[in-house]
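The values are calculated or read from the model by the stated rules, or taken from the named source; none is laboratory data. Computed from a predicted model, the values in this text were never measured in an experiment. Methodologically, a virtual Cβ is constructed for each residue, glycine included, from the backbone with ideal geometry; neighbour enumeration extends over all protein chains shown.
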Amino acid sequence: MRVYIYIMYYRHGEMPDMFSRRSFLESAATIGAGSALFPGILYAKVEEADEITLDVIEAAEKLAGLKLTPQERELMLERIQRDAQDWAALREVPLENSDAPALIFDPTMGGRSAPIIASPSPVDWQPGEVSRPASDEDLAFMSVPELSALLRSRQVTSEELTGLYLERLRKHGPVLECVVTLTPERAIRQARAADAELDAGNWRGPLHGVPWGAKDVIAVEGYPTTWGAMPFKDQTFDQDAEVVRRLDSAGAVLVAKLTTGALAMGNVWYGGSTKTPWNVEAGSGGSSAGPGAAVAAGLVGFAIGSETYGSIVNPSEKNGVTGLRPTFGRVSRSGAMTLCWSFDKLGPMCRSAACCALVFGALHGRDSGDPDDSSDPGDPTTITTPFSWPALNKPQELRVGYLAMERDSDIAVLRVFEDAGITLRPVELPDIPVGPLFSMLSAEAAAVFDGLTRSGQDDVLVRQDARAWPNSFRAAQFVPAVTYINASRVRALLMKEMKRLFDDVDVIVAPTWGGNAQTNLTGHPSISMPNGFEPLEDASSSARRRPVSFTILGGLYKDEAVLSLANLYQSKTPFHRQRPPIS
């Protein structure tokens, strides 16, 4: 295998001695490679030959997209043999999931600089008057602003609210398969501390006393952080992730570690397959499946999910919740599982855009523990652009573009905005092929979990189909370094084109998946929220429906604008207040 990779990566070398068939196969064995990993012709030739031959090299050229001459093939072998020893030495260096490469993704390469301020700007928000509902069921589905108002006015205690959510998690969690670990001891301790402070008139802010759930890629000291995968189901960390520390500081109460698809893909984890409360026979989307299901079912006040490519957007739609994917680097990933250094984001999943704004207000800001944080590295006292809520600019002051809309529910969104006094202008995404650029994601993820592949432990992951991680990690071993770098160059071109697009507009209204690929590559923020429901053909009752959604994309660091427009939409529509039939 090592020989094969070097054949792809190097075209020139010097006349060598031959590699033996045995050494080649031993190299393959070190990563658990087998016949399924090699093109049939290559593996057959290796099996037949006593040594690596020119025919073997010629077969390998096909994956690299090369056509070499016989003389060039002969020149390669000694270089391959020499470099293979260096690669083997690199594999002996122990690397943790948190060890980032010396390459940092910077979304400002497109030309948009991150505004810098000297100190954080607190969310200037005060709870309004809210009355406690008659039933605990109604209480469980209240939004963060409503819960905050009830807690501050002492109509409900944090311990009471925490007990309610823990009870609902125990009741509905097994049905939805959305809970990995409950954290009752930690939660009750936090809730009692929050109540003591609130009783004394010490209010930390809008999240004080509000229970929440963490996607199980986020480390919490004293509890397993399983990453949804069997090889890591007993894994623990000796400190909290930065987002946990910040929510602790805000007075929020952690009640559960919620499911993630194994290694942040899909909704299948080692303990089951997470369901949406809108239809418990259907999946919850991935990979923030647990946060999406738990928020939708009224099991937590809010949740934190993660996205590499669609993992907040997808479950937000499947569960009819509102999910914010912030500008890349504005929320620290320190202490969260790394899947892909240049793509990963953490963000809130809530009942509304207003909820997301209050949670984001507690999360954003500089963290030296995250090498990709959007801050000035020369001044540790600075953080990124300030975030204000309520938003400083009225939605009608925003320059709003929209992508082509075809679904009736999406077209209706445009009418809502027009009726609210928003001027809309049609826009188009850059004409750059983005699908091939996700070879970067595959390569980075394969590097992160290289040890899993080489150890053969990838075999114990539940999903083993062609689209699952084990197969993807193996296939990505064949991505040439030159291809990865050229993909990165095209990605930079895309970033520049997206910068030009957002020079003319502040935000873009789009179908759920319109622009999702582009903005995950470029680091732009987005928010996804429900804008309707479709009946299920086999529904046994009218309550069983499928949520549909749309997305608002924003310019870099314009998370506030994205949230402001989303909040306007939700102030005029009822979709985010609908409840699933599981209750």
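Here are the criteria: (1) surrounded by fewer than 17 Cβ atoms within 10 Å (Cβ to Cβ); (2) over 20 Å from residue 441 (Cα atoms). Tell me which single one residue 531 does not satisfy.
Of everything listed in (1) surrounded by fewer than 17 Cβ atoms within 10 Å (Cβ to Cβ); (2) over 20 Å from residue 441 (Cα atoms), residue 531 misses just condition (1).
So, in the range 426-470, how many residues would count as being within 16 Å of residue 231 (Cβ to Cβ) and in a helix (DSSP H, G or I)?
Total satisfying the criteria: 15.
Got a sec? Which helices (runs of 4 or more DSSP H) wholly within the range 124-192 have at least 1 residues that are in contact with a strand residue (DSSP E or B) (Cβ under 9 Å, 6 or more places away or on another chain) and surrounded by fewer than 16 Cβ atoms within 10 Å (Cβ to Cβ)?
Hits in the range 124-192: 158-176.
I'd like the residue in the range 424-456 that is surrounded by fewer than 20 Cβ atoms within 10 Å (Cβ to Cβ) and hydroxyl-bearing (Ser, Thr, Tyr) and, out of all such residues, is nearest to residue 405 (Cα to Cα).
The selected residue is 439.
Please verify whether the range 544-557 includes one or more residues that are of a type in the set (Phe, Trp, Tyr) and modelled with pLDDT under 95.
Yes, there is a match, as at least one residue in the range 544-557 is of a type in the set (Phe, Trp, Tyr) and modelled with pLDDT under 95.
Kindly list, by first and then second residue, each pair from a residue in the range 426-448 that is under 27 Å from residue 98 (Cα atoms) to a residue that is polar (S, T, N, Q) and not in a loop (DSSP other than H, G, I, E, B), limited to pairs with Cβ atoms under 6 Å and residues at least 6 apart or on different chains.
442/472
In this structure, is residue 366 buried (at least 24 other Cβ atoms within 10 Å of the Cβ), basic (Lys, Arg) and at pLDDT below 95?
Considered against the rule, which asks whether it is buried (at least 24 other Cβ atoms within 10 Å of the Cβ), basic (Lys, Arg) and at pLDDT below 95, residue 366 comes out as no.
Which residue, of 194, 134, is within 16 Å of residue 248 (Cβ to Cβ) and not charged (D, E, K, R)?
Of the residues listed, the single one that is within 16 Å of residue 248 (Cβ to Cβ) and not charged (D, E, K, R) is 194.
Starting from the range 128-146, keep only residues that are at pLDDT 95 or above, then list their pairs with residues that are in a loop (DSSP other than H, G, I, E, B) and among the basic types (Lys, Arg) whose Cβ atoms are within a distance under 6 Å, requiring at least 6 positions of separation or different chains.
If the second residue must be in a loop (DSSP other than H, G, I, E, B) and among the basic types (Lys, Arg), the pairs left are 141/579; 143/351.
When the range 458-491 is examined, which residues are found to be closer than 30 Å to residue 406 by Cα and aliphatic (A, V, I, L, M)?
Listed by number, the list holds a single entry, 490.
Got a number for residues in the range 457-478 being in contact (Cβ under 8 Å) with a residue 24 or more places away in the chain, of a type in the set (A, V, I, L, M, F, W, C) and surrounded by fewer than 19 Cβ atoms within 10 Å (Cβ to Cβ)?
Total satisfying the criteria: 3.
Of the residues 424, 398, 429, which single one is over 30 Å from residue 145 (Cβ atoms), of a type outside the set (S, T, N, Q), touching a Leu at 6+ places or on another chain (Cβ under 9 Å) and in the same structural domain as residue 496 (by TED's automatic domain parsing)?
Criteria check complete, one pass: 429.
Which residue out of 248, 195 is surrounded by fewer than 24 Cβ atoms within 10 Å (Cβ to Cβ), among the charged types (D, E, K, R), assigned by TED's automatic domain parsing to the domain that holds residue 363 and in contact with a helix residue (DSSP H, G or I) (Cβ under 6 Å, 6 or more places away or on another chain)?
Being surrounded by fewer than 24 Cβ atoms within 10 Å (Cβ to Cβ), among the charged types (D, E, K, R), assigned by TED's automatic domain parsing to the domain that holds residue 363 and in contact with a helix residue (DSSP H, G or I) (Cβ under 6 Å, 6 or more places away or on another chain) holds for just one of 248, 195, which is 195.
Looking at (1) in contact with a Phe, Trp or Tyr (Cβ under 8 Å, 6 or more places away or on another chain); (2) at pLDDT below 80; (3) loosely packed, with under 14 Cβ neighbours inside 10 Å, can you tell me which one residue 102 breaks?
Against the list (1) in contact with a Phe, Trp or Tyr (Cβ under 8 Å, 6 or more places away or on another chain); (2) at pLDDT below 80; (3) loosely packed, with under 14 Cβ neighbours inside 10 Å, residue 102 comes up short only on (1).
If the requirement is being touching a residue at least 12 places away in the same chain (Cβ under 8 Å) and within 26 Å of residue 408 (Cα to Cα), which of these qualifies: 517, 481, 487?
Being touching a residue at least 12 places away in the same chain (Cβ under 8 Å) and within 26 Å of residue 408 (Cα to Cα) holds for just one of 517, 481, 487, which is 517.
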